[in-house]
Each structure stands twice: as C-alpha cells, then as structure tokens.
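One structure is given below, encoded as structure tokens.
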Amino acid sequence: MTENKITPTKEIKRIAVFTSGGDAPGMNAAVRAIVRNAVHNDLHIYGIMRGYEGMIDGNIRRLETTDVSNIIHRGGTILKTARSQRFLTPEGRKKAYENLIDNDIDALIAIGGNGTFTGAVKFMEEYPNVPILGLPGTIDNDLYGTDFTIGFDTAVNTSVQAVDKIRDTADSHNRLFFVEVMGRHSGYIALHTGIGGGAGGVLIPEEETTIDDLVRLLKRGAKRAKLFSIVIVAEGNHMGTVYDIAKKVEEQIDIYDDIKVTVIGHLQRGGSPSSFDRVLASILGFSAVEALLQGKTGMMVGIKNNSIHYTPFHEAITRRKSLNKDLLRMSHILAQ
Ligand code: F6P
C-alpha cells in the first residue's frame, strides 16, 4: 500500500463497483474503501445496483465520498444484491456490456463469491477489454486464494453467540441439540463455530462421519456424566438434513431427556460486521483500486498470511480450499 496516488498503466478513469450473490457483513465497508480510494486517485466511481441484474438493466449511478459515509458498521449491502439468471445467458451479458460502454465504465470491481466470479470469467472471455477485479465477499469462506472472506468472521460470531444461548437451555434440560449452520459445500463456518462454541461434535462436508461414529462419540461423553451436548452440523454435510440426523441418532440413544434441532439460517448473513471483517474489507477494497490502476485484471484480491494475495478468478472458483486439518483434529480432541 502507498499513500501516494497511483499512475495508471492503462487509461482507467471510471470504475464501477457492485455486490453480487449472497450478501455478507462487511460488503459496505469494502464499497466504502473502494469509493474513497478511487476518489483519492481522481477516478470517477459508480455503483451498479443489484449486481449483474443492475448491469443488465443499466441501474448504474455515480457515487461520491459522502454516499459511503456512515455505512462501515452496517450489514447487508447499500448496492443491493441478486443472484442473476439473466447474466448466465450471452444476451444478458451483451446487454450488460452495452450498458457499461454507454456509461463509459473502464473497469469493474465485483464483490461476491463463487457465482460472482464465474460470471466475471464468462464476461471476460467475451469482453476482455473491460478489466475486472474481485473481492471475496461471502460468509462461507470457501474461496481458494484467501485465508478469509469478507463476512465469515461475523457469521461465525453470530453462530457462536447462538450456541452460547442454546448451551444454557441444553444444560438446564439435559438435552442434545443439533445446530445447523450455513456454508454451502464448505465446513468452515461449522468448524469455527464448533471450536468457538465448545461444541461436542462437528459434522462437515470435508470429513466422512457416520451415525454410528456420532453415537459412539456422544456415548463416550455420557460416560463422563455429560448430560447435554451440542453438535454443529454444516448444511453441506454428507449425512443428510439436520432433521434426518437428529431422528437417526434418537433411534440409537437414550442418554438425553430430549433431542432438539436449531437452524440458525439467515441470521448468519445479517448484522453489523465484526471489526475483523471491517478491517479486512477495507484493506481488500483499498488494494483492489490500486491493483486495477497497476493493470491487474481477472483476479480475486485476497489475503494470505496477512499479505495481499492475487488469485486468477478461474483458480479461485475451481480449486478447492482445503480445511485446516490441524484445526479439525484439535476440534475433535477438545470436544471430548
Ligand atoms: O453463500 C452464502 C449462503 O448463505 C450459503 O451459506 C447458503 O447455502 C446460501 O448462501 C443461501 O442462499 P440464499 O440466501 O439465496 O437462500
């Protein structure tokens, strides 16, 4: 990072930013950083409303420094978001391109996840003259090329707070609770919620577990007079829905007074971003503007080992981010 203004390698004067896919806490902080650093570099900055949908509809408006005042602490996204079906078609992308040209947009910054970057890759194949950079904005933390995605930390904090509350009632009633968290095909939210919430078990897509394994684990706990337990279930786990799992376990176990299910669901997506997410989003947004001006394109701007790291879009979406196996092993040991 530098305090000085960047001299662009290509003539970039007008940048547009948009948020796309599932909203994530911290997206607003990223938009703020992009707008502020763009203005600092004498660029005109535009916001595209509702992601690719707004690009197709020409819903594009100029943003000034004051438009991003008082948003750093807000969840959701002031630019709104959508999962666009129309952008999956060549006609949709053509319309989007024409709107960018009509608005003299030279470059784009996309904030989103897998679907967002998949759209960006398609668009760049057809219209390579529009540089695009991406910021990882998803609670799932499932993007290869970054240690953390914007929104993940807040989502985990929300889930851990929920687990703390469930613990009170689980303990009081000697109950087993299965708590489902989001993450799509990734177990990151579940693993971190399990560790931070002191759960008795974690079921994640990255690890094969059977009902028998789970029952054995719970029975082991019961031998040590553990009369309640909380198991975190990632929505993408291999064993089925959290309700199926609860039912199958209930058939094999009579340790607890009752078995209950809680699905945290979209609560994980909302709320004021944690300070970690605000700082991460600010760093990535700030860096994306500089990277565009330095001529970078087709990449996701992420963070690895506390340093900015650029990953080509196709790698970010096709390579599987592996779970930290040491953390997983630790979570099993601490859960006993
Ligand atoms: O990608 C974020 C995410 O919240 C996933 O964890 C979840 O599977 C999905 O989006 C839910 O999507 P929607 O809000 O469209 O139902």
Subject >> Residue pairs, from the table LYS219/LYS321; LYS165/LYS219; LYS247/LYS321; LYS5/LYS94; LYS304/LYS325, whose Cα atoms sit over 22 Å apart >> reply: LYS219/LYS321; LYS165/LYS219; LYS247/LYS321; LYS5/LYS94
Original post:
If you stretched the chain out fully between GLU315 and THR89, how much longer would it get, using 0.36 nm times the residue separation minus the C-alpha to C-alpha distance?
Top reply: 79.1 nm
Subject >> Within the stretch 190-261, GluC sites (Glu not before Pro) in DSSP loop having at most 13 other beta-carbon neighbours inside 10 Å >> reply: GLU208
Subject >> More than 24 Å apart - percent of Cα-Cα pairs taken over the stretch 99-231 >> reply: 47
Subject >> Cα-based equivalent ellipsoid, the stretch 50-131: semi-axes from gyration tensor eigenvalues, Å >> reply: 23, 15, 11
Original post:
the stretch 185-221 to the stretch 58-80: how many Å between their Cα centroids?
Top reply: 39
**OP:** Could you pull the Rg and Dmax for the chain, using just the Cα atoms, both in Å?
**Re:** 21.9, 70
Subject >> Proximal charge balance of ILE264 [Cβ under 13 Å; K/R count +1, D/E count -1] >> reply: -1
Subject >> For the stretch 153-269, alpha-carbon Rg relative to the globular expectation (2.2 N^0.38 Å, N residues) >> reply: 0.96
Original post:
Taking a spot 7 Å from the Cα of LEU327 along the direction of its beta carbon, which residues of the stretch 120-150 have an amide N less than 14 Å from it?
Top reply: 139-150
Original post:
In whole percent, how big is the carbon plus sulfur part of the accessible area of the chain, probe 1.4 Å, protein atoms only?
Top reply: 50
**OP:** Write down the accessible area per residue of the chain in Å², having rolled a 1.4 Å probe over the full set of protein chains.
**Re:** 44
**OP:** Please go through the stretch 61-118 and write out the GluC sites (Glu not before Pro) that DSSP classes as loop and that have at most 11 other C-beta atoms within 10 Å.
**Re:** GLU64
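The values are calculated or read from the model by the stated rules, or taken from the named source; none is laboratory data. Because the structure is predicted, anything quoted here is derived from the model rather than measured. FYI the Cβ positions are ideal-geometry reconstructions off the backbone, even for glycines, and counts take in every protein chain you see. Accessible surface is based on the protein model in full, side chains and every heavy atom, while ligands, DNA and RNA are left aside. Shrake-Rupley method; radii C 1.70, N 1.55, O 1.52, S 1.80 Å.
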